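Following: one structure in C-alpha cells, then a few remarks.
The values are calculated or read from the model by the stated rules, or taken from the named source; none is laboratory data. Fair warning: this is a prediction, and the values are worked out from it, not measured in the lab. Positions of Cβ are generated from backbone atoms using ideal geometry, with glycine treated the same way; all protein chains shown enter the neighbour counts. Only protein heavy atoms, including side chains, enter the accessible area calculation; ligands, DNA and RNA are left aside. Shrake-Rupley method; radii C 1.70, N 1.55, O 1.52, S 1.80 Å.
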Amino acid sequence: MNPELFSTKQRILDAAEALFASHGFAGASLRQVTSNAQVNLAAVNYHFGSKENLINEVLRLRLDKLNADRTQALQAALTKSPTQLEDVLGAWIRPALAASANEKGSTAFVRILARTYAEQNERLRSFLHDNYGHVLRDFTTALGTLLPHLDKQELYWRMDIITGALTFAMADFGAIKRRGASAEQHRELTADHLIHFAAAGLRAK
C-alpha cells in the first residue's frame, strides 16, 4: 500500500476512535472526524465508504487481536487434563486486561468497548455477533462442559455479568489502587481476583 494512503487511513481511524470514545458512535460526526484527521470527506469515503463501515473498522482495530488472543488462550486451556474452570476464565479475562494496558489508544478502546454494550444500535450488534459471536460460543461450550448444572440461558446470563465486571476492571475505575505495585502487577492481581470471583459465581447453584 502507498505509505501516504496508509498514513491517511490510519489518521482517520485514530481520529474516529478518539471521537467515538468521547461522543459515542451516533454523537461523533464525520465532519468532526475529517477535521481531527485533517482530511476531506472524500478520503473517508474512499477508504471506508460510509460511517457504518468506519465504525466497524475502528472496532476491528482492537477486537480482531483481542478475540484471536482469547481463542489461542482457550485452546491452550483445553489442552490441559483435566481442564480447569479458572484456566478457561483466564483465557477470557487476561487478554482483555492486557488489551487495556497503557499503550496507544487503550483508554479509547475501553470506552468504545463499553459503548458497544450500552448503545442501542442493531447494526452494530449484528456486526459484533457476525464477526465475534463464535468466540463467545466457544467459551460457553467449554464452560458448559465444566458446569453441567447450568443450562445455556443461565450460562449466558452469568457470562454477561462477568463481562460487565471485566469491562469495569479494564477501565481501572475500581476502589482498589496500585499502592506501589507496577501496572503489570496490578493487572495480574485484578485478573486473579476477577477469575476467583467469576469462578465462584459460575459454580453457584
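Work out the count of Lys pairs in the chain where the Cα-Cα distance is under 17 Å, with the pair 8 or more places apart or on different chains.
Eligible lysine pairs with Cα atoms under 17 Å apart amount to 4.
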Scalar couplings 3J(HN,Hα) for the stretch 40-47 by Karplus 6.51 cos²θ - 1.76 cosθ + 1.60 (θ = phi - 60°), nearest whole Hz, x for Gly and Pro, are 9, 4, 4, 5, 5, 5, 5, 7
Just to confirm the number: angle between the C-alpha axis of helix 51-79 and the first principal axis of the chain, 0 to 90 degrees, nearest 10?
30 degrees
How large is the accessible surface per residue of the stretch 84-158, computed with a 1.4 Å probe and reported in Å² as a whole number?
54 Å²
What accessible surface, in Å², does a 1.4 Å probe find on Thr71, ignoring ligands, DNA and RNA and rounding to the nearest 10?
40 Å²
Expressed in nm to one decimal, what extension gain is obtained for the pair His134 and Ala26 from 0.36 nm per residue of sequence separation less their Cα-Cα distance?
36.2 nm
Calculate, for Leu189 and Leu41, the FRET efficiency according to 1/(1 + (r/R0)^6) with r their C-beta to C-beta distance and R0 35 Å; round to the nearest 0.05.
0.15
Percent of accessible area on the chain owned by carbon and sulfur, 1.4 Å probe?
54 percent
Counting only protein heavy atoms and leaving out ligands, DNA and RNA, the solvent-accessible surface of Ile112 at a 1.4 Å probe, in Å² to the nearest 10, equals 10 Å²
accessible surface per residue for the stretch 21-80, probe 1.4 Å, DNA/RNA/ligands not counted, whole Å² -> 54 Å²
Full-stretch length increase - His196, Gln75 - with 0.36 nm per residue and alpha-carbon distance subtracted
41.5 nm
Principal-axis tilt of helix 85-99 within the chain, Cα atoms, nearest 10 degrees:
20 degrees
Give me the accessible area of Lys65, 1.4 Å probe, in Å² rounded to the nearest 10.
130 Å²
With the cut-off at 1.5 for a/c, could you classify the stretch 78-173 from its C-alpha gyration tensor as rounded, prolate or oblate?
oblate
